[in-house]
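The values are calculated or read from the model by the stated rules, or taken from the named source; none is laboratory data. Worth saying up front: this structure is predicted, and the values here are computed from it rather than measured. Here the Cβ positions follow ideal geometry from the backbone for every residue, glycine too, while neighbour counts run over all protein chains shown.
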Ligand code: IPD
Ligand code: CA
Ligand code: CA
Ligand code: CA
């Protein structure tokens, strides 16, 4: 097995154990508010420390970028680990059992490894560039759907950038002319993993951060799906605006988005 994948899995499982234990003891949860509607708990931080510890043991020279700590510069700036220790904090706080650990490894600006781990269901989604994507030991392949009609799409609301909310709602209204339904699960990393696993037919979201989506991005692409920004380009890790689906579904979603995009979202 790819040695970095091995370490990423070890780190994700360790963080998953911290999260699963924390989930059993909601009364001892310490929650603070970063901004309106944006929370962090002691478990996010503990899970993040567990991941950092595992990485540093094997790769002390690598650079680590995390949601809660920020950038931990390593001697080697070409290899970056991009970490979301707990994707779905709001679900976690509500005891809604749907959240994940997301770990991506980027080398010279290209994502090489992606791991998304759901500690509640013990589901491990992995991908290595050029080697495909898996859910536990099973290979993932995005179904080649052609029509938007009848599909179920995942999305997230831009609750941290509320000025985009009217656009979000307009896009959803327009998509509802065709799609059967939406899912708003509360974990972007799992939304992407679920595209790869055909549990939803596509996904879009405004205003993601790299740690939300870098691992899931590779998992979708290695399962044969398309990932793009809102104008069909590859700027999504920078812009945070992302569409992911089977090729024709992604194209259909992009066509539906276009009339509603502000200039800020055309990237
Ligand atoms: C959030 C989740 C959510 C998405 C938000 C993210 P967090 O991550 O992925 O589904 O809609 O954009 O910020 O804060 O729970 O790690
Ligand atoms: Ca957060
Ligand atoms: Ca996140
Ligand atoms: Ca998080």
Qualifying residue in the range 75-91 (condition: surrounded by fewer than 18 Cβ atoms within 10 Å (Cβ to Cβ), modelled with pLDDT of 95 or more and within 14 Å of ligand 2 (Cβ to nearest atom)): yes
Restricting the range 96-123 to residues that are part of a loop (DSSP other than H, G, I, E, B) and more than 14 Å from the chain's Cα centre (by Cα), the residue that is farthest from ligand 4 (Cβ to nearest atom): 108
Conditions (1) away from ligand 2 (no atom under 16 Å from the Cβ); (2) in a helix (DSSP H, G or I): number failed by residue 267: (2)
Some residue of the range 120-131 being within 13 Å of ligand 1 (Cβ to nearest atom), modelled with pLDDT of 95 or more and surrounded by 22 or more Cβ atoms within 10 Å (Cβ to Cβ): no
Filter result for residue 125 (within 16 Å of ligand 3 (Cβ to nearest atom) and not assigned by TED's automatic domain parsing to the domain that holds residue 216): yes
Yes/no for residue 181 being buried (at least 23 other Cβ atoms within 10 Å of the Cβ) and either in the same structural domain as residue 240 (by TED's automatic domain parsing) or near ligand 1 (Cβ under 10 Å from one of its atoms) (or both): no
Residue match in the range 249-257 (condition: closer than 20 Å to residue 80 by Cα, modelled with pLDDT of 95 or more and touching a helix residue (DSSP H, G or I) at 6+ places or on another chain (Cβ under 6 Å)): no
Some residue of the range 201-208 being assigned to a helix (DSSP H, G or I) and either buried (at least 23 other Cβ atoms within 10 Å of the Cβ) or assigned by TED's automatic domain parsing to the domain that holds residue 168 (or both): no
Condition met for residue 141 (more than 15 Å from ligand 3 (Cβ to nearest atom) and either closer than 26 Å to residue 31 by Cβ or in contact (Cβ under 8 Å) with a residue 24 or more places away in the chain (or both)): yes
Test: residue in the range 230-248 that is part of a loop (DSSP other than H, G, I, E, B) and under 14 Å from residue 100 (Cβ atoms): no
Per-region count, the range 80-95, residues part of a loop (DSSP other than H, G, I, E, B) and away from ligand 3 (no atom under 11 Å from the Cβ): 2
Filter pass, residue 150 being surrounded by 13 or more Cβ atoms within 10 Å (Cβ to Cβ), more than 16 Å from ligand 1 (Cβ to nearest atom) and assigned to a loop (DSSP other than H, G, I, E, B): no
Residue count for the range 35-44, restricted to those that are under 20 Å from the mean Cα position of the chain (by Cα) and either surrounded by fewer than 19 Cβ atoms within 10 Å (Cβ to Cβ) or within 24 Å of residue 158 (Cβ to Cβ) (or both): 6
Of all residues in the range 51-74 being away from ligand 2 (no atom under 16 Å from the Cβ) and in a strand (DSSP E or B), the one that is nearest to residue 115 (Cα to Cα): 64
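Taking the condition within 16 Å of ligand 2 (Cβ to nearest atom) and without any contact (Cβ under 8 Å) to a residue 12 or more places away in the chain, does residue 32 pass?
Yes: the conditions hold for residue 32.
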Only listed residue being in a strand (DSSP E or B), over 16 Å from the mean Cα position of the chain (by Cα) and more than 15 Å from ligand 4 (Cβ to nearest atom), chosen from 145, 77: 77
